[in-house]
Amino acid sequence: MDINPINPAVTGKIGQIVENFEQKSGVGFKETVNKFIGDVNDLQLKAGESIENFAGGEVDSVHEVMIAMTKAEVSFKFMMETRNKLIDAYKEIMQMQV
């Protein structure tokens, strides 16, 4: 059974896809990830602030506090799963033989 190396044209296409995305959107991968992490951080801070306001008696609605906490929790879990998928993809690419 012959094992053929990865075609350089295929690996070149991956680079072209990333470049096309950056050119079309005007935003690079790094900036997109930084914005995503910043949004998750903002939701975490808002949830902490709403908890403090509720504990201080400034907010009467438990529902608003729970909604803020749930948004922060879901966004954090999504960020962690995205990170895990990126790490898995990186490991898979690193194990490929050229």
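Here is how the numbers come out for the structure above:
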read-out	value
Selection from segment 41-63 of residues that are surrounded by 14 or more Cβ atoms within 10 Å (Cβ to Cβ) and modelled with pLDDT under 90	VAL59
Test result for GLU22, surrounded by 12 or more Cβ atoms within 10 Å (Cβ to Cβ), outside any loop (DSSP other than H, G, I, E, B) and at pLDDT below 90	yes
Near pairs, Cβ below 8 angstrom, 6+ apart or cross-chain, from segment 41-62 (over 22 Å from LYS77 (Cβ atoms)) to any residue that is surrounded by fewer than 16 Cβ atoms within 10 Å (Cβ to Cβ)	PHE54/VAL62; VAL59/ASN53
Inter-residue pairs, beta-carbon under 8 Å, first assigned to a helix (DSSP H, G or I) and in segment 81-92, second of a type outside the set (Ser, Thr, Tyr) and at pLDDT 90 or above, 6+ apart	THR82/PHE36
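The values are calculated or read from the model by the stated rules, or taken from the named source; none is laboratory data. Worth saying up front: this structure is predicted, and the values here are computed from it rather than measured. Cβ coordinates were reconstructed from backbone atoms using ideal geometry, including for glycine residues, and neighbour counts include every protein chain displayed.
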